[in-house]
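The values are calculated or read from the model by the stated rules, or taken from the named source; none is laboratory data. Keep in mind that what you see is a predicted model, and the values were worked out from it rather than measured. Note that we place each Cβ from the backbone using ideal geometry, even for glycine, and neighbour counts take in every protein chain shown. Please note that ligands, DNA and RNA were not included when accessible areas were found on the heavy atoms of the full protein model with its side chains. Shrake-Rupley method; radii C 1.70, N 1.55, O 1.52, S 1.80 Å.
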Amino acid sequence: MWGCGAQLVWLLVLSLAWLGPALGGEEEDGEVVAEEDDTLSDELREEDGVLVLHEHNFARALSEHRLLLVEFYAPWCGHCQRLAPAFAQAAAVLRNESSPVRLGKVDATAQVALANEFGITSYPTLKLFRDGNRTHPLAYTGRMDTEGIVRWMQRRASPSATLLQDTDTAATFISSQDLVVVGFFKDLGSEAAQVFYEVAGEVVDVPFGVAEAAELFQAYGLSADTICLFKKFDEGRTDFPVDPAQGLDAAKLTRLLRVHSLELVMEFTNETSDQIFSAKIPHHMLLFLNKSSSAQLALQDGFRAAAGTFRGEVLFVVVDVTGYGADVLPFFGLTPADAPTLRLVKMENNRKYQMDQDAFSDTAIRTFIQAVLDGKVKPRLLTAEPPEDWDMRPVKVLVGKTFEQVAFDETKNVFVKFYAPWCSHCQAMAAAWEKLGERYKDHEDIVIAELDATANELENITINGFPTLHYFPAGPGRKMVEYKSARDVETFSKFLENGGTLPEEPPAVPKTPENSTGREEPSPLGTAETRDEL
């Protein structure tokens with residue numbers, strides 16, 4: 001999407017990770033050719049405030065900078081190109097704060113030795129090097145934007161949690177933000193406290209404090225080690241007592257904090273989309289309404305009343321069809337006129353569920369959600385109408401309602417491209433796919449086809465990236481083979497002529513990203529999962 005250069009389309013797909021498992025863009029790369037420069041020295045040079053690193057000056061950079069965050073990138077990688085200005089801006093912010101942190105970058109396609117040393121398999125990959133330690137860098141887990149990088153590094157340049165020594169400092173800290181976390185521990189040297197510090201280092205968008213003083217336990221009504229989430233919304237405070245036998249589990253605590261940091265009912269906006277998807281709640285219940293209608297606004301009461309029952313399992317989200325949410329309606333096959341209406345989305349496979357007839361009472365909503373969770377409701381699948389000449393073209397145009405009869409025709413070998421209209425990778429390989437269709441248009445037993453996976457959904461096939469290529473061989477059994485090799489006509493042909501496999505000898509793979517296989521996924525959410533695979 002980013003690669004398409006269309007801001008509106010970026011907004012559409014990014015904002016609604018309901019379209020697919022969010023936050024991951026992957027591209028496969030071909031052969032990498034090293035370009036070594038024997039004239040390189042250990043001099044440390046900068047570009048836009050970012051250190052330019054290579055095998056000759058890497059050791060020097062580690063020795064001179066206690067905290068060094070390094071981006072391993074490929075010049076052709078679209079995600080890397082989009083990260084570059086944010087990375088440079090983060091470097092400037094940190095330097096202006098007189099932080100000990102420095103940022104550097106390595107062209108991993110040219111510096112193959114460094115790429116191999118640090119196990120670089122995707123672009124961009126960010127690693128933090130501490131105190132000159134070259135053998136155990138820390139993987140970057142923050143957002144891929146300026147603020148995310150700065151916050152992540154600030155947590156690692158200073159204590160991850162603020163020590164609260166008395167009631168005044170605690171009250172000031174708790175009231176300082178809409179959301180804060182305080183760990184109350186009888187012993188700050190305990191194993192549970194160390195786990196808390198670990199979590200504080202990762203959850204960088206929320207301030208963390210720690211308290212050990214007996215007066216603070218008394219002031220907040222506590223008698224044992226407890227994690228308290230203070231918030232200026234909903235119930236105001238949520239306590240997570242530490243199990244004295246099992247202690248604290250970092251992953252479990254992180255998830256609990258993520259879930260309970262969200263409002264019980266979220267409104268889908270530019271500001272909240274990051275929170276909505278980073279919480280990784282497995283189901284989203286969506287109320288589409290027109291906020292200019294007082295009657296529709298009143299439907300939120302029943303929606304909210306149902307939400308508490310499913311906290312942590314289902315996230316309740318209000319989508320304004322005349323506001324920020326208008327742009328996501330096509331992904332649900334909706335128009336503003338369809339409001340008010342409800343949809344439940346299963347995030348792992350993007351399956352969407354719809355009531356037979358919308359009912360907005362809390363009882364009806366609870367009953368519907370429980371039925372979906374129990375597997376008693378079938379998903380509602382989108383399908384477009386087939387063009388009149390869909391089967392007259394060299395590349396057959398499939399839609400949801402025609403897919404089964406074509407792909408699983410036992411007399412045909414069917415090769416299908418699943419694409420998104422906005423995807424630059426799909427656009428880059430479009431010409432090759434058309435040529436492939438021309439080459440095989442007169443073959444009785446081979447069909448070349450394509451399906452717009454943003455407008456058509458299939459019951460038993462989930463598309464997680466664009467483009468995705470699947471081969472459906474002739475014969476019984478409804479077999480499916482995913483194609484994962486080079487994306488050029490000759491390699492496609494070898495695959496088809498060899499019955500859905502490639503010959504033993506590996507084909508030559510172009511080194512340009514046009515043959516990449518992943519989906520472009522823009523992300524102000526900026527997760528570290530947004531990268532190009534080698």
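What to note about this one:
- Of every Cα-Cα pair in segment 364-464, the percent that sits beyond 24 Å: 33
- Hull volume per residue, based on the alpha-carbon atoms of the chain and their convex hull, is 187 Å³.
- Note on the chain: with neighbouring protein chains present and a 1.4 Å probe, carbon and sulfur make up 49 percent of its accessible heavy-atom surface.
- Extension gain for Arg237-Leu44 works out to 64.5 nm (0.36 nm per residue, less the C-alpha to C-alpha distance).
- All alpha carbon pair distances within segment 37-114 were sorted into 5 Å bins beginning at 0; the resulting P(r) in whole percents reads 3, 16, 26, 26, 18, 10, 2, 0.
- Mean projected area in nm² (Cα convex hull; one quarter of hull surface) for segment 70-182: 8.8
- Average silhouette area of segment 293-336, convex hull of alpha-carbon atoms, in square nanometres: 3.8
- Note that the chain presents 45 Å² accessible area per residue, ligands and nucleic acids not counted, probe 1.4 Å.
- Translational diffusion of segment 346-403 was estimated from the Stokes-Einstein equation, with Rh taken as the Kirkwood radius over Cα pairs; at 37 °C and 0.692 mPa s the coefficient is 234 µm²/s.
- Taking every protein chain into account, the 1.4 Å probe leaves Arg351 with about 20 Å² of accessible area, to the nearest ten.
- Each Lys and Arg adds +1 at its Cβ and each Asp and Glu adds -1 at its Cβ; summed about the Cα centre, segment 208-291 shows a dipole of about 300 debye.
- P(r), alpha carbons of segment 143-286 - 5 Å bins starting at zero, rounded %: 2, 9, 19, 22, 22, 14, 8, 4, 1
- Helical contribution to [θ] at 222 nm, DSSP H n ≥ 4, -39,500 (n - 2.57), averaged over the chain, rounded to 500: -8500 deg cm²/dmol
- Taking the Cα centre of the chain as reference, the dipole from Cβ charges on Lys and Arg (+1) and Asp and Glu (-1) amounts to some 1140 debye.
- Distance between the modelled labels on Ser294 and Met392, one decimal in nanometres: 5.6 nm (7 Å Cα→Cβ projection).
- Förster radius 56 Å - calculated FRET efficiency between Thr172 and Asp442 (Cβ-Cβ, nearest 0.05): 0.10
- Among the protein heavy atoms, those of Glu147 account for about 90 Å² of accessible surface (1.4 Å probe, every chain in place).
- Reference-scaled alpha-carbon Rg (2.2 N^0.38 Å with N residues) for segment 214-291: 1.37
- Over 26 Å (Cα to Cα) - which of Lys127/Lys352; Lys127/Lys252; Lys376/Lys417; Lys127/Lys232 fall in this group: Lys127/Lys352; Lys376/Lys417; Lys127/Lys232
- Projecting the Cα atoms of Val199, Phe217, Phe230 onto the charge dipole of segment 195-256 (Cβ charges, centred on the Cα centre) puts Phe230 farthest toward the positive pole.
- Long-range tail of P(r) for segment 255-392 (Cα pairs > 18 Å, %): 55
- Cβ-Cβ FRET estimate between Gln370 and Ala337, R0 fixed at 22 Å, reported to 0.05: 0.15
- Length added when fully stretched, Glu215-Leu179, from 0.36 nm per residue minus Cα-Cα: 10.7 nm
- Model label sites at Glu348 and Arg151, defined 7 Å from Cα along the beta-carbon direction, differ in position by 2.8 nm.
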